[in-house]
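Encoded as structure tokens, the structure appears first; notes follow it.
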Amino acid sequence: MVHGEKVYELAESVGINGGIGDKGLRIGTACYDAGMISILRLFAEKQIVEDDPSTFKESDMTKSLAVTTQEKFDKLFKTLDEEQQKMFLEYEDEQTSYLGCSREDYYIQGFISGFRFLMREIKYGTGDELLK
């Protein structure tokens with residue numbers, strides 16, 4: 001996240017004085033933002049790999065839903081014939097992959113949102129000394 005004044009300062013630092021205009025400012029801000037998101041995405045992806053799964057704490061609600069889901073899975077699975085069980089397990093594998101990818105996307109988005117929140121707090125909450 002970059003503010004317009006920073007894009008303007010960067011434009012001036014490379015010799016674009018005053019002629020950047022509103023569209024240029026928006027384009028510069030969007031490009032800077034896209035670059036920042038790319039970098040933050042790489043950091044978040046690296047963090048996912050390095051995180052120790054044993055330190056992840058599930059909420060009581062999540063634990064309860066996991067138990068209920070497994071019970072319903074077992075009950076349903078017993079009612080299926082062998083071919084249906086095979087198809088159901090294939091479906092479950094795809095669903096698990098989807099949920100894993102979705103969880104990763106949410107983690108990365110949360111990482112980016114957290115960074116933006118901190119930057120706003122630094123900029124508007126306590127001053128912008130750290131942004132310079």
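The values are calculated or read from the model by the stated rules, or taken from the named source; none is laboratory data. Please read all numbers here as calculations on a predicted model, not as lab measurements. Here the Cβ positions follow ideal geometry from the backbone for every residue, glycine too, while neighbour counts run over all protein chains shown.
Points worth noting:
- Restricting Asp60, Asp74, Asp93 to residues that are modelled with pLDDT under 95, among the acidic types (Asp, Glu) and farther than 22 Å from Gln109 by Cα narrows the list to Asp60.
- For beta carbons closer than 8 Å, sequence separation of 6+ or different chains, a first residue in region 99-118 that is closer than 13 Å to Phe43 by Cα and a second that is not in a helix (DSSP H, G or I), the qualifying pairs are Phe115/Met1.
- Residue selection: Leu65 satisfies the criterion of being surrounded by 10 or more Cβ atoms within 10 Å (Cβ to Cβ) and closer than 30 Å to Arg41 by Cβ.
- Which listed residue is surrounded by 11 or more Cβ atoms within 10 Å (Cβ to Cβ), among the aliphatic types (A, V, I, L, M) and under 21 Å from the mean Cα position of the chain (by Cα), from Leu76, Leu99, Leu118, Leu80: Leu118
- Residue satisfying all of: in region 23-38; hydrophobic (A, V, I, L, M, F, W, C) and surrounded by 12 or more Cβ atoms within 10 Å (Cβ to Cβ); nearest to Leu10 (Cα to Cα) among these: Leu25
- The set of residues in region 3-40 that are modelled with pLDDT under 70, among the small types (Gly, Ala, Ser) and either under 26 Å from the mean Cα position of the chain (by Cα) or under 24 Å from Gln109 (Cα atoms) (or both) contains only Gly4.
- Test result for Leu89, in contact (Cβ under 8 Å) with a residue 12 or more places away in the chain and not small (Gly, Ala, Ser): no
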